[in-house]
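Data first, discussion second: the structure below is written as structure tokens.
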Amino acid sequence: MTWDWGAVADFMPHFWDGLLVTLKSLALGSLISFALGLVWALLMRTPTRWVRWPVGVVTEFIRNTPLLVQLFFLFYVLPEWGLTFSALTTGVVAIGLHYSTYTMQVYRAGIEAVPLGQWEAATALNLPLRRTWTAVILPQAIRRVVPALGNYVISMLKDTPLLMAITVLEMLGQARLFSQEHFQFTEPLTVIGVAFILISYPASLLLRALERRLVR
């Protein structure tokens, strides 16, 4: 086996296209998972059982089924019900929905970690419930869970290759297509592996530094 730098040069335009799709999927999926996870967490704290129970069932079902199964369901089953989306949109929604059930637990832990005295102080000041959440509880809770949320972003990054299963040409999809067309697998797959390391490892170091700063 010999390393062919010419194959690397030929693959790079495809790599940049795939990287753009990967980062777009990651960014949009993260936004969905963060926003929806917070909604799940708040709904699970409502006193109404008929709200908590359905939310609990739905989130447990999503969390305990594989992401790949959810991708196939959204991409192949929903069109039979008249709901058709592009492959990229389907992938972004699937990743965001799947990881929202994990970020929900992170938010829950952060909210429960807020000292009881903060709730009592808000009550003593006669703050409205919305003001209590937005000005007192959530700022403290989210500050505590930022590192954990960041870890899930890295996990989402490593799950983006699954989008290849529904024809999304992210980094691995581009590498696979290039390899099949040129019968050269080592170079494109190595480039993809290095790219994931160069993105995820510095991100993990940044999260560690952020965690040390936030716990002070």
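The values are calculated or read from the model by the stated rules, or taken from the named source; none is laboratory data. Everything numeric here is computed off the predicted structure, so don't read it as measured data. Remember, those area values only see protein heavy atoms, side chains included, never the ligands or the DNA or RNA. Shrake-Rupley method; radii C 1.70, N 1.55, O 1.52, S 1.80 Å.
The table that follows gives values for the structure above.
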| quantity | calculated |
| --- | --- |
| Probe 1.4 Å, accessible area per residue of the chain, Å² | 58 |
| Listed candidates (1) 22.5, 68; (2) 21.0, 73; (3) 17.1, 56 - label of the one calculated as Rg and Dmax of the Cα atoms in Å | (2) |
| Estimated [θ] at 222 nm from DSSP helical runs (n ≥ 4, -39500 (n - 2.57)) normalised by residues in the chain, nearest 500 | -25500 deg cm²/dmol |
